[in-house]
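J.: Dropping a structure here in structure tokens format, bear with me for questions.
Nothing in this text is a laboratory measurement; each read-out follows from the coordinates by a stated rule. Note that this is a predicted model, so its numbers are computed, not measured. Here Cβ is always computed from backbone atoms with ideal geometry, including for glycine, and neighbour counts include all displayed protein chains.
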Amino acid sequence: AERLAKDKALDKETREFAANGIRSASWLIDAISQRRTTLLRVVNVVLARQRDYFDYGPQHLKPLPMTEVADQLGVHVATVSRAVSDKWLQTPRGMVPLRSFFSGGSVTDSGEEVSWQAVKAQLKEIIDGEDKANPLSDDALAKALKEKGIDLARRTVVKSRQQLGIPPA
């Protein structure tokens, strides 16, 4: 293609067509490279921030707003959102949507930050361990979470339980 663009034996229109094709291909290659670099930078931030998730499990997921990652990388939040959209991360805990590492969260009584995903994982753990013949009420679930240092209103527990698809007691 480069030879065609520089071949003086060809007419000007053919040379321009070849040169435009080269420019378009070059632009596409650069865009793909930039997207790959952005994705890699986002994944590195996720890995650094969510190390406890990989070591100890979903109950240790930290809050990680996309805006924080965007600020850290010097890109727009929409860029981060597009970068993680429909991407999955293969982890020792299985295939996980990259987007699941991003969420808001709460602070435990001890001052530790936990993401909403981690709170839901704790709630599911409590429910999985309950006596199925005598399930815990939403108030009892809130108290059980409080014992683990997570102080949530009963209404928030109800919402989290519903999001997990778990019926009320």
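J.: For the stretch 29-69, build the convex hull from the C-alpha positions and give me its volume per residue in Å³. Don't skip to the end; give the middle numbers.
T.: On the way: hull volume 2.7 nm³, N = 41.
In the stretch 29-69, the Cα hull volume divided by residue count equals 67 Å³.
J.: Does the stretch 1-77 classify as rounded, prolate or oblate by the C-alpha gyration tensor (a ≥ b ≥ c root eigenvalues; a/c under 1.5 gives rounded; else a/b over b/c gives prolate, otherwise oblate)? The partial results should precede the final answer.
T.: On the way: a/c = 7.04, a/b = 4.05, b/c = 1.74.
In terms of gyration-tensor shape, prolate.
J.: Which translational diffusion coefficient, to the nearest whole µm²/s, is obtained for the stretch 22-116 from the Stokes-Einstein equation, given a Kirkwood hydrodynamic radius over C-alpha pairs, 25 °C and 0.890 mPa s? Write down the numbers at each step before the final one.
T.: Values: Rh = 14.5 Å.
This corresponds to a translational diffusion coefficient of 170 µm²/s.
J.: Which of Asp131, Asp55, Asp139 moves the most in a Gaussian network model of the chain with Cα springs under 10 Å?
T.: Asp131
J.: Using per-residue counts of other Cβ atoms within 10 Å, averaged over each peptide, order 100-106, 42-48 from highest down.
T.: Working: 100-106: 18.4, 42-48: 16.0.
Top of the packing list down: 100-106, 42-48.
J.: Enumerate the whole-percent occupancy of each 10 Å bin, from 0 to the last occupied one, for all C-alpha pair distances of the stretch 80-140.
T.: 18, 34, 31, 15, 2
J.: Cα-based Rg (one decimal) and Dmax (whole number) for the chain, in Å?
T.: Computed over the Cα atoms of the chain, radius of gyration and Dmax are 24.8, 88 Å.
J.: What is the Cα radius of gyration of the stretch 129-169 over 2.2 N^0.38 Å, N being its residue count?
T.: On the way: Rg = 9.8 Å, N = 41, 2.2 N^0.38 = 9.0 Å.
Expressed relative to 2.2 N^0.38 Å, the Cα Rg reads 1.09.
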